[in-house]
Amino acid sequence: MQQQRHDRGPETAWLLDRKGKVLHSVVTKCEDCSGMAVGNGFVWSGANGASVHNPPNPPVEGVFQTDMNGKTVSHRQIPFGPKENGGSCHGLAWENADGGRLWIQSNRLEALVRMNPVTWECDYMFPAAHVDRLHGIEVEGGFIWQVYGTQNPNVPGYEGYTPGLIKYDIKSGAPVLFVDFVPGSCDMHDVCVLDGQLYGVDAGEHPGWPIDDKYARPGFPELNSPSGGYVFKIDII
């Protein structure tokens, strides 16, 4: 998993065992990381730098490639946009096909983009099936999972939010399943698959929601989701 900060400070990726023990850490130059993946021996971090406090112009966007010793190997922009700022990212996933491919959830394109990580050429893309609260992605065999969510306009804040997942067929880009969670159950930010089990992570903060100290925990900043910062299993029923 990778840290997401809003103050332009260094962001760390951690390798954890299943009990939460830190096995390895890598400091990246990504800013406001929103999506990370591991592939071909590197950490890939998607920047959402326009969301940090006092961002530079242009903001730090794109994808950072970092080796396991913390060396920045490359920093490249999401394609089909301005050379210096291809827009922000809200999800990365690694596909073990064709020598390895990196999937990007591009905010600007509102699409899932598959990149050759060596040549940085796009070899495939398809539009997202939903445009509200698009977030993390994960490859599972011939499918891609994507986090999304909807807000009840009559119920503001956490209680009116319904998180969910979209499952796409990789070859066609067609959605094959929409999964809605119980409204107000979490503020899901990313998804992963390990040994066939879906997992999610709760970001604990959502743009446009007021920070509410009723969900505060000792030693942590105020959250607007009671499960903010937690990793949890997801069972499709």
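Can you grab the distance from the C-alpha centre of the stretch 158-172 to the C-alpha centre of the stretch 116-134, Å, no decimals? If we compute the Cα centre of each part, the gap is 16 Å. Each of ILE237, HIS189, ALA174 was scored by the projection of its Cα onto the charge dipole of the stretch 102-237, and the greatest displacement toward the positive side belongs to ALA174; charges sit on the C-beta of Lys, Arg, Asp and Glu.
For the stretch 1-152, a simple Cβ point-charge model (Lys and Arg +1, Asp and Glu -1, everything else neutral) yields a dipole of about 320 debye relative to the Cα centre.
Projecting the Cα atoms of ASN69, ASN57, SER227 onto the charge dipole of the chain (Cβ charges, centred on the Cα centre) puts ASN69 farthest toward the positive pole.
Once Rh is set to the Kirkwood radius over Cα pairs, what Stokes-Einstein translational diffusion coefficient, in µm²/s, holds for the chain at a temperature of 37 °C and a viscosity of 0.692 mPa s?
Values: Rh = 18.1 Å.
Reported coefficient: 181 µm²/s.
Would you mind pulling out the separation of the Cα centroids of the stretch 41-64 and the stretch 197-231, in Å? Using only Cα atoms, the two centres lie 22 Å from each other. Taking a sphere under 12 Å around the Cβ of GLY70 and counting the other residues whose Cβ falls inside, with K and R at +1 and D and E at -1, yields a net charge of 0.
For the pair VAL131 and HIS6, the difference between a 0.36 nm per residue extended length and the Cα-Cα distance amounts to 42.7 nm.
Taking Lys and Arg as +1 and Asp and Glu as -1, the other residues whose beta-carbon sits under 10 Å from that of PRO163 total -2.
Could you please state how large a percent of the accessible area of the chain is carbon and sulfur, counting protein chains only and using a 1.4 Å probe?
On the way: 6380 of 11710 Å².
For the chain, the apolar C and S fraction of the accessible surface comes to 54 percent.
In this structure the chain gives 49 Å² per residue of accessible area when probed at 1.4 Å with all protein chains present.
Which of rounded, prolate, oblate describes the stretch 145-219, given a ≥ b ≥ c as roots of the alpha-carbon gyration tensor eigenvalues and a/c under 1.5 marking rounded, otherwise prolate only if a/b is larger than b/c? Cα axes put the stretch 145-219 in the oblate bin.
Working out 0.36 nm times the residue gap between ASP123 and VAL231, then minus their Cα-Cα distance, what length gain in nm do you get to one decimal?
Full extension from ASP123 to VAL231 adds 35.6 nm.
Per-peptide packing, taken as the mean over residues of other Cβ atoms within 10 Å, places 171-178, 14-21, 103-110 in the sequence 103-110, 171-178, 14-21 from highest down. Local charge for GLY149 was computed over the other residues whose Cβ lies under 10 Å away, with Lys and Arg +1 and Asp and Glu -1, and equals -2. Measuring how big the stretch 96-142 is from its alpha-carbon positions, Rg and Dmax come out at 11.1, 33 Å. Under a straight-distance cross-link criterion of Cα-Cα below 24 Å, which lysines are reachable from LYS233, leaving out those fewer than 8 residues away in the same chain? The reachable lysines, counting only those whose Cα sits under 24 Å from LYS233, are LYS19, LYS21, LYS167.
The values are calculated or read from the model by the stated rules, or taken from the named source; none is laboratory data. All values derive from a computational prediction rather than experimental measurement. Using ideal geometry, Cβ is built from the backbone for each residue, glycine included, and neighbour counts are taken over all protein chains shown. Side chains included, ligands, DNA and RNA excluded: accessible areas come from the protein's heavy atoms. Shrake-Rupley method; radii C 1.70, N 1.55, O 1.52, S 1.80 Å.
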